Each structure stands twice: as structure tokens, then as C-alpha cells.
Amino acid sequence: MVEDTTLRHADELLAEMIELVETARNLPMSSSCVVPRERLLDMLDELREVLPPELEESRKVIAARDGLLHAAFVEASETRKNATQDADTIVADATHNASQINRLAEEHVQALLAEAQDEQRRLVHASTVHQAAAEASAVLKADAEAYRDSLCGDADAYAESVRAEADNYGREARGEAERYATKLTVDAERYAETTLEDLAVTLRKAAATADQGRLALAERRAETWGETPEADNDIDAMSA
């Protein structure tokens, strides 16, 4: 950014140059004036020094931009010229090819029309051929209907077989599922019975251990305080 002092100095130089020109002595019979060349050149040099360097960079950028624009314009003109020439060539080729295609198509259509007219005349005069074609068509129709009936019969038989196999498979699957469910029920009941039996054994062992501990505690208390196990039994009975 340009400093304020630089701007002020540039303004002072411009004001001084304007005053120098305005107060210059006029030449007789002319609108020109006489200014001190050396002083004015010194002031211009000084003004160039105080101007920001961005101005010079801007001039360079503008010059480069003008060069690029000129080069782009030249290149665009050349490209447009080449594109126009290519388009004209493509249009000419397309027009020629279209003419050739139209001519060949017209010739082919004429040949088809002539062939169709010949065929029409031949069919009109060939009544025996028409009758043979009708008979052959009837035979083919009968064969097709017989083949259709055969396919329908085979399809029905196959569908019935598939339904029977599906029913058998369903019955077997249901039986297998029922057997498996029964086995699971038996296994569950056995597991529950075994678990309950183990739990009962554990509870009996725990009860026996508790009785042994209670008796041992009563004996220790009898030895310590002179109490008898019968007294403990009486106390237990009273508590109960």
C-alpha cells in the first residue's frame, strides 16, 4: 500500500507542475507558453520515483494482456477459418453421399417393384401352387395342434408327479419334525429330572453339613459354658 507521505509528495509535485504551467509566460500571437524544461523534467523524474511500483507492474500486465488477446484473436480466427473449411468439406461430402444413397435406394426400390410385379403375375397364374400351399398349411396346423396337445398332456403329467413328490416330501418332513420334537421333549425332561436329582442331593448334603456344624457349635458351647446339648435342643424347640 502507498504511504501517506508518498501520496502527499506526489500531490505536491503535481500541484507545483500545474502552477508552473499556469504561470508560464505566453508566447506572442500563440496559445503556447514557455516553461523551464530542466525544472519540469526534474519534477517528472521525481514524480516517477515517488509513484508506486505497482503502476509499472500494471503497465506490464496490460501489455501482456494485450499480447495474449491479440494472439487469442489470431488463433480464434485461424480456428474459425479451419472449422469453416472443414464444415464446408463435410457438407459437400454429405451432400454427395446423400445423392449416391438416394440414387441407389431409388434403383433398389424400382428393382423390388419389378420383382413384386413379376411375383404377383406368377401367383395369379399359379392356382395349383396356391391350393398346395393351403393344403400344406392345413397339415402344418394339424401337426401344431397335435404337438400342442402332447405338450399339454406331458405338462399335466409332470405337474401331477411334482405335486405327488411334494406331498410325500411334506409328510416325511412333518414326521421327521415330530420325531425330532419328541426327542427334544424327552431329552429336556431327562435333563430336568437329572438336574433336580442333583439339586436334591446337594441340598441333603448341605443340610447334613449344617446339622454337623450346629452340633459342633453346641458341643463347643457346652464345653465353654457348661451347657448340655439337651439345653440347646430345648432352646431350639422353644424358638420353633
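Since every read-out is calculated from the coordinates, none of them should be taken as a lab result. None of these values were measured; they are calculated from a predicted model. Cβ coordinates were reconstructed from backbone atoms using ideal geometry, including for glycine residues, and neighbour counts include every protein chain displayed.
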For this session: With a/c under 1.5 counting as rounded, go ahead and sort the stretch 4-86 into rounded, prolate or oblate using the C-alpha gyration tensor (a ≥ b ≥ c being the square roots of the eigenvalues; past the cut-off, prolate if a/b is larger than b/c, else oblate).
Result: oblate
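Just how large is the dipole of the stretch 4-86 about the Cα centre, in debye to the nearest 20, putting +1 at every Lys and Arg Cβ and -1 at every Asp and Glu Cβ? Each step should come with its number before you reach the end.
Working: 10 positive and 18 negative charges, 94 e Å.
The calculation lands at about 460 debye.
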Exercise. If you compute Rg/Rh (Cα atoms, Kirkwood Rh) for the structure shown, which of (1) 1.06; (2) 1.65; (3) 0.94 do you land on?
Worked result: (2)
Exercise. Which FRET efficiency value, to the nearest 0.05, do you get for Arg8 and Ala64 by plugging their Cβ-Cβ distance into 1/(1 + (r/R0)^6) with R0 = 25 Å?
Worked result: 0.20
Exercise. Cys33's amide H: which non-local residues (gap 5+, or another chain) put their own amide H closer than 5 Å, with H modeled 1.01 Å from N in plane and none for Pro or chain starts?
Worked result: Leu27
For this session: Would you kindly state how much longer the chain becomes between Leu199 and Ile90 on full extension, computed as 0.36 nm times their sequence separation minus their alpha carbon distance, in nm to one decimal?
Result: 29.1 nm
Problem set entry | Taking Thr6, Thr128 and counting other C-beta atoms within 10 Å, the order from fewest to most | Thr128, Thr6
For this session: Report the extension gain between Tyr180 and Arg221 in nm, rounded to one decimal, defined as 0.36 nm multiplied by the number of residues separating them, less their alpha carbon distance.
Result: 8.7 nm
Exercise. For labels at Glu78 and Leu140 in the simple 7 Å Cα→Cβ model, what's the distance in nm?
Worked result: 6.9 nm
Problem set entry | Potential lengthening between Glu106 and Asp167 on full extension [0.36 nm per residue; Cα-Cα distance subtracted] | 15.1 nm
Exercise. On a 0 to 90 degree scale, rounded to 10, what angle separates helix 53-125 from the longest Cα axis of the chain?
Worked result: 70 degrees
For this session: May I ask you to evaluate 6.51 cos²θ - 1.76 cosθ + 1.60, the Karplus curve with θ = phi - 60°, for each residue of the stretch 173-187 and list the ³J(HN,Hα) values in order in whole Hz, giving x for glycine and proline?
Result: 5, 5, x, 5, 5, 5, 4, 5, 5, 4, 4, 5, 5, 4, 4
For this session: Using +1 at the Cβ of each Lys and Arg and -1 at the Cβ of each Asp and Glu in the chain, identify which of Ala10, Ala166, Ala144 lies farthest towards the dipole's positive end.
Result: Ala144
Problem set entry | Highest-fluctuation residue, Asn168, Asn26, Asn97 considered, GNM on the chain with Cα pairs under 10 Å | Asn26
Exercise. Gln212 to Arg190: FRET efficiency via 1/(1 + (r/R0)^6), r the Cβ-Cβ distance, R0 30 Å, to the nearest 0.05?
Worked result: 0.35
